[in-house]
Amino acid sequence: MTEKYNMPDQRGHFGPYGGMFVAETLIPPVQELNAAYQRYLTDPDFIAELDKDLKYYVGRPSPLYHAERWSRELGGAQIYLKREDLNHTGSHKINNTVGQALLAKRMGKTRIIAETGAGQHGVATATVAARLGLECVVYMGAVDVARQSLNVYRMKLLGATVVAVESGSKTLKDALNEALRDWVTNVDNTFYIIGTVAGPHPYPAMVRDFQAIIGRESKQQCLDATGRLPDALVACVGGGSNAIGLFYPFIDDESVKLIGVEAAGDGVATGRHSAPLCAGRPGVLHGNRTYLMADDDGEIIETHSISAGLDYPGVGPEHAWLKDTGRAEYVNITDNEALDGFYALTRMEGIIPALESSHAMAYTMKLAPAMKKDQIIIVNLSGRGDKDMQTMAKREGIEL
Amino acid sequence: MSRLAATFEELTRTGRKALVPFITAGDPTQDFTVPMMHDMVKAGVDIIELGVPFSDPMADGPVIQRASERALAHKGSLRKTLALAAEFRKTNQTTPVVLMGYLNPIEAMGYEDFANAAQRADIDGVLTVDLPPEEGQECTAFLKSRGIDTIFLLAPNSNEDRIKQMDLAGSGYLYYVSLKGVTGAGHLNTDDVQNKLQQIRSITGLPVAIGFGVKNAETAKTVAGIGDGVVVGSALISKIEENLDNPEQAKREIVALLSSMRQAMDS
């Protein structure tokens, strides 16, 4: 790439992907949001307030931790973990909700809605809503409500109303549908905080920009610690917000490999997975064109993953673009491999990762041994595993 | 002249308004749809909106969501919807049929293939909920070159620029969504709708059909007094849902409701 990366275009297109595919009632609020976002993106007061919140409320910068024992054990590249699990509320999701909540406040919105899969984005949204005294409604698939009950309780403690969505596959995509239906009904006073780099323009670009602090910090921290750029970045991809947050500031650094890890569930060959970039096709869902899990008739297929946060049939449109241009590579990790990653990090480094992040860990276990000892991998540890204790205990036959 | 234009011309000539029912193709079963369409024509409808079942109907309320789910459970699809429309056309050459649905099934088929298939099925118009004009130029062009109208939505919060854009991009008619919300929701506010229609009519000469919130003969009559057409969907599909074990009863109740609307609108 000789030209500096400059995506999306003014109408939110990343090549053929992205865009603004919404029903007419949502066009005005999406345009209003875009105008506010463009205005505040460069507003010094807004940036100062956001920086302050990220430092004192979220706890940034998050450390870049050299996993020395794990690196030694794997016998290859040096592994550095970007510790987004140490953020307030336990994942990278808060970087974005803090930003969008500040926008909501400036736009005079009094009511916040959100969708959530694993519940991390729901908790991060309920948290900022509580802090700003805004009404908060979180939509969550009924299946996810059952498998992430701890986070449901956290959201309720924070004063949010959690609505269990019973339609369709009762997971993240259906929660998004229901949040869109709420938004279309309450457009005047409601701000929809989307948790990932999906949805209509400007969400994919806006969420990326709020999450890009992960990559900016990582770059500086890596230079400070090692005097050079990493050789590879690894992050899990559901909707893809933690991955794009890490990748984005490195896109023009061609020597850095960008690797996104999708959830293969029972294995891509079984059809029971959540890996649209690896095994899907382009289509339109939830406001943008991107790779989707859909059948020949264009109906969305149910997805499968051990991690609720990766259980989504689409993916951010910028990932679709990075895949097609070859700038990023997308691989997949099965449920069982993710569990290996989960146990490895827990036992080797004393860090319990979220099941979503465990997919990135599992791929790192394949990648690192094939690299030289003086090479560097930065892995995004996007969230902590506390929320998954019930799921894990159940798998081990333990009643908590 | 397109079938839609001819229909609205004839309605204007006779001083009547269009009654436009919406049902989802293949709900509750594939063999229900075509006889239902013919029965609706007998009950006095002017245009039929045929819903294409989709797994993720984001702009629809629970009633139409469940209609989609039932149709999909019986192998409903865009292809199947086109086949049903073609079958209807074998014995009805006058009533316009408009496909209403979401973009992804059309993306999966490909715009050009879809336009060809729609032409073969003798479809008159296509309304794609999540395809606004700025994203829809390519698809609209394929349809237009085959004589098929593209119907766009307008909403209570659509501003003047937006209405102008729809006037340029759309043909056949414009569909005014009478309230902020999903299909089958709430009650429409007559004054609000009247005011908005005044603004819309000052900008476009296209006929305007009004939908969302039309539940019975009374609301149909009120809406007919404001727009050029009245769209009714969830209220009909509720009859299907209430009579899943007796589809013939569902048909009778739908015909009765549409007849009462027709009568109220014409009186």
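The values are calculated or read from the model by the stated rules, or taken from the named source; none is laboratory data. Worth saying up front: this structure is predicted, and the values here are computed from it rather than measured. Cβ coordinates were reconstructed from backbone atoms using ideal geometry, including for glycine residues, and neighbour counts include every protein chain displayed. Note: areas computed on protein heavy atoms with side chains; ligands, DNA, RNA excluded. Shrake-Rupley method; radii C 1.70, N 1.55, O 1.52, S 1.80 Å.
Here are the numbers for this structure:
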{"read-out": "Karplus-derived HN-Hα couplings along the range A:61-66 (A = 6.51, B = -1.76, C = 1.60, θ = phi - 60°), whole Hz, x at Gly and Pro", "value": "x, 7, x, 9, 9, 7"}
{"read-out": "Heavy-atom accessible area per residue - the protein assembly as shown, 1.4 Å, Å²", "value": "36"}
{"read-out": "All-pairs Cα distance distribution in chain A, expressed in whole percent, bin size 20 Å", "value": "30, 62, 8"}
{"read-out": "Rough spin-label spacing in nm, given labels placed 7 Å along Cα→Cβ, for A:LEU229 and B:THR14", "value": "7.2"}
{"read-out": "Of B:LYS17/B:LYS164; B:LYS80/B:LYS239; A:LYS323/B:LYS80; A:LYS109/B:LYS180; B:LYS17/B:LYS239; A:LYS82/A:LYS257, those spanning more than 26 Å from alpha-carbon to alpha-carbon", "value": "A:LYS323/B:LYS80"}
{"read-out": "Dipole magnitude of the protein assembly as shown about its Cα centre (Cβ charges: Lys, Arg +1; Asp, Glu -1), debye to nearest 20", "value": "620"}
{"read-out": "Within chain A, helix-based [θ] at 222 nm, where runs of 4 or more DSSP H residues each add -39,500 (n - 2.57), nearest 500", "value": "-12000 deg cm²/dmol"}
{"read-out": "Two-decimal Rg/Rh across the range A:63-173, once Rg and the Kirkwood Rh are taken from alpha-carbon atoms", "value": "1.11"}
{"read-out": "Computed [θ] at 222 nm, helices only, for chain B once each DSSP H run of length n ≥ 4 contributes -39500 (n - 2.57)", "value": "-15500 deg cm²/dmol"}
{"read-out": "Buried on assembly, the range B:129-151 (at least 20 Å² less accessible surface than by itself, 1.4 Å probe)", "value": "B:VAL129, B:ASP130, B:PRO132, B:GLU134, B:GLU135"}
{"read-out": "Angstrom value of the Kirkwood radius, inverse mean 1/r, which spans all Cα pairs in the range A:1-135", "value": "17.7"}
{"read-out": "Value of relative contact order over chain A, rounded to a whole percent, pairs C-alpha under 8 Å and six or more apart", "value": "21"}
{"read-out": "The range B:182-267: Cα Rg divided by the 2.2 N^0.38 Å rule of thumb", "value": "1.20"}
{"read-out": "Of every Cα-Cα pair in the protein assembly as shown, the percent that sits beyond 44 Å", "value": "24"}
{"read-out": "Listed residues A:MET365, B:MET40 arranged by accessible area, highest first, probe 1.4 Å", "value": "A:MET365, B:MET40"}
{"read-out": "Distance (nanometres) between label positions extended 7 Å along Cα→Cβ at B:THR190 and A:ASP374", "value": "8.4"}
{"read-out": "Near-label residues of the range A:287-318 by backbone N, under 18 Å of a point 7 Å along Cα→Cβ of A:ARG11", "value": "A:287-290, A:317-318"}
{"read-out": "Prolate/oblate/rounded call for the range A:187-288, Cα gyration tensor, a/c under 1.5 rounded", "value": "oblate"}
{"read-out": "Low-density loop positions, chymotrypsin sites (Phe, Trp or Tyr not before Pro), the range A:1-72 - DSSP coil, at most 16 other Cβ in 10 Å", "value": "A:TYR5"}
{"read-out": "Cα pair distances in the range A:1-54, grouped into 10 Å bins until the bin that holds the longest one, percent each", "value": "19, 35, 34, 12, 0"}
{"read-out": "Test item: Cα-centred dipole of the range B:131-180, Lys/Arg +1 and Asp/Glu -1 on Cβ, debye", "value": "140"}
{"read-out": "Alpha-carbon Rg/Rh ratio, for the range B:3-266, with Rh computed the Kirkwood way", "value": "0.93"}
